[in-house]
1. Give the peptides C:162-175, A:169-182, C:275-288 in descending order of average Cβ contacts within 10 Å, highest first.
2. Rounded to two decimals, what ratio of Rg to Rh does chain A give with C-alpha atoms and a Kirkwood Rh?
3. Is the shape of chain B best called rounded, prolate or oblate, per the rule: a/c under 1.5 gives rounded, else a/b larger than b/c gives prolate, else oblate, with a ≥ b ≥ c the square roots of the Cα gyration tensor eigenvalues?
4. Shielding of C:122-133 by partners, i.e. mean partner chain Cβ atoms within 10 Å per residue?
5. What number, rounded to the nearest 500 deg cm²/dmol, is the helix-based mean residue ellipticity at 222 nm of chain A, given -39500 (n - 2.57) per DSSP H run of at least four residues and division by all its residues?
6. Let me know the shape class of the range B:171-312, please: from the alpha-carbon gyration tensor, a ≥ b ≥ c as square roots of the eigenvalues, rounded when a/c is under 1.5, otherwise prolate if a/b is greater than b/c, or oblate.
7. Give the separation of the Cα centroids, the range B:197-227 to the range A:100-122, in Å.
8. If R0 is 35 Å, what FRET efficiency do you get for residue C:202 and residue B:27 from their C-beta distance, rounded to 0.05?
């Protein structure tokens, strides 16, 4: 038996309207008129605020309402609205994992036609192939990237030099170095294992260098195979040299540990690189250097903007808003806040001089690995990361933890129609 | 000599009582219509969603795709066989009991102290209420910097005395202690305020009578004051218990349920089910189960603490 | 049982000096009533005896022991409060046995004491009820029962009847009095009601502004008030005070009240020639006569036993209570003759009684 109960849909639609009105303070009645403002929903951080501002002025005469909120909250609202096919939002902020899941659900409009139409005007071929790979699902483009972000190796040049050590080239070297550099006052490395997303990000590198990745090509879990277990055992070993409180540390806490001279190196997002050079926040200005993670395969992420499949607005207009807002000139202007997903900008000598980490970031992007393009990865990541943490903190043997996660993952994916 | 009771008691009480009851019933009938609007509101915002949640809990329903299948009580069966649920439940109950217990004990101690104190109470009161008027998430962020490793307030404090503090948020056992402390930091003021107000409602001459009867300060508190504010105590314990069961924001910010699953509560699991796994049916089932557990706890509190002696 | 002595007691609340050098001696077994208008310090004094209020200066002893620094529970006293102060969450039995229970007396003894008190007060059928299930009078009895059970050296009563209606008040008055006669426990009773004081006390202490105005037996205070305050406070309706000048005429002293009215000095009093005085007569000590005060009747109030006449004399109100005066009408002019053996003379300036 299946529910095709119109009542339920209505309830959810109303619910999303109510939460929106409460959150954004604006209604959306009378959507049929073209003069209605364009609705943008987005996560909030400085670069995204910048893009949102640019969208408001992108096309003269077109009003853009922007609603910026925490990522989780945004996810809830988008899910509620889109699952009920409500035309609540026109432009939606997306990241690689949401692109695949939203696209799979049919919530996003494919952009290939518009891409072709505006390729020249906005020099879209300059966009990084890695970024574009993440904006694509089943061969179709679904989003225009606004930023690219990659995890890379942060290391204290002075500390390494003092210890007579070279920058690690392999995962094994990294592990050994973490142990060697570890002192009571300064941890060998940072580790960011707050549930849930931070854990997945960090484990991703171990799983793709020591392990063989998360899934095989049939979406069967392979993270619990022998090498996968070794990967998480390595992660567990590295946490022995990690900063205090790593188990509840996310990016903010890890960045502070780096800034406060509490760790000698570690895996962290490129967007945080500027803050370790900021004298207002950092005690170690100028002492950090960057490199691509040893053996590559660090997580890379693109975010950007997609067009809702349920929007009543003209897609051409929406595409032009996004493309105008994220055009090259604006990206250059915003380069202090983000890593631009355009090759020309990453190689621009002027920008490279201003941003010491651009060279390393460019390299890291080349060798990085995105999350598996499994629309349900965000979902199954919940129990995978929980189980990894139970393994790392010793609540459960690593092998048992990963086997449990694999069983849970298989059961969930099976319920969602995989393996048939 | 035998002193007899006054003549006024001689009017047959049974007769008087039944007349009074009739009058009261008539009055209630007249007042009923006034309750109707709020009853309707209560129905639509409380009972309807509740019924709807129960209805949803009978389906295997994915929020993102909208795919749904009727599965009867399978979601409940799944939950009850899920070790993570039982772990989260016992953990939640542990956290609730520890947090509310701590808040009550500290709250009572401070409220009693304030009650005995006659000077500067007002300013002190306001000061202590401060953590409670901060938005939970902001309070949690504030707490985060208190408990954070190395550069955190507590750690720095310990460090000045020359020893290393425990890993407040990183060690599973300490993380549980920390979330309990965090909840207590936020909600003890509420406890203090209510209990302080309660203690002040106790008739001072009852306390003087007890003093003369030979009761010590402790005996007065436990045998006179607390029993006479039992309904207030039951109220505040029930409120806090229900609230603590939904304890989410602070844990979410502090530990995200970790390390591992050390601080994952039932609410966090519900959240994960609904907005991470999109399993609305299962999330609803968990919500219904949580509600029943909270109801059970509330009735226990009301039955044991709130039972008002001497009321017919 | 014990005697209670208060000597040189002083008490200040901030700037307010509420008790000013009070000395009171209460003999063993006596029923002493502290009476005075509200704010006179009588309750404060009682609470100091109980130990609920600290003593700034002076000494209080109970049964020969100075108790200044002893907490209430070590003073062996029991107190009945104006609002009864029953413990609402305890039954009558629990209320009454609470003190003994705290003192860890044997169960059997507690049972016996509660039974005895309940018998005395007629509370046996109510022992398992809660205070809120009782009437005002019953609650009052429980409060007394709680005191009796303790078998203390001293009973303290703080306006215990003021929450009761008039009829019940009169009844409880008698009951308390009977109880005292039966138990003979030293009692201190605070009230603002002079009738209560007169009917119940072995000894009355009249207080005003923290000072003892006079203390003595009820009849002593009634017939020989030390000053105009006591004279006016004790007795109902109040004593009439008529200003006048003492004048010597023909070897005897007269009080010239103006308007040609002149009265002989009351028995046992004296005054100097030309002294400004107040001539005090209680309403019940007037008679209709030929010589005395010529007054105009304003209001006539028959009470049955007598008739109260509200009259005007030289701009003053004069109240007289006359038996057999059915024929008086308002507007009548009559002559009131004070009984000079029972009249009083006070110094107009100091208010003190003028004694020969």
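Read-outs throughout are calculated quantities, based only on the coordinates presented, and are distinct from any laboratory measurement. Owing to the predicted nature of the structure, the values given are computational and were not obtained by experimental measurement. When we count neighbours, we look across all protein chains shown, and the Cβ atoms used for this are built from the backbone with ideal geometry, even at glycine.
1. On the way: C:162-175: 15.9, A:169-182: 17.8, C:275-288: 21.0.
Peptide ranking by packing, descending: C:275-288, A:169-182, C:162-175.
2. Details: Rg = 22.1 Å, Rh = 22.5 Å.
Ratio of gyration radius to Kirkwood radius: 0.98.
3. On the way: a/c = 2.61, a/b = 1.25, b/c = 2.09.
Note, shape of chain B comes out oblate.
4. Details: counts 5, 2, 1, 1, 2, 0, 0, 2, 5, 1, 5, 3.
Across C:122-133, the average partner-chain Cβ count within 10 Å equals 2.
5. On the way: 18 runs with 191 residues, N = 420.
It comes out at -13500 deg cm²/dmol, rounded to the nearest 500.
6. Details: a/c = 3.70, a/b = 2.10, b/c = 1.76.
Prolate, since a/c reaches 1.5 and a/b exceeds b/c.
7. Centre-to-centre distance over Cα atoms comes out at 74 Å.
8. Numbers: r = 52 Å, r/R0 = 1.48.
Calculated value: 0.10.
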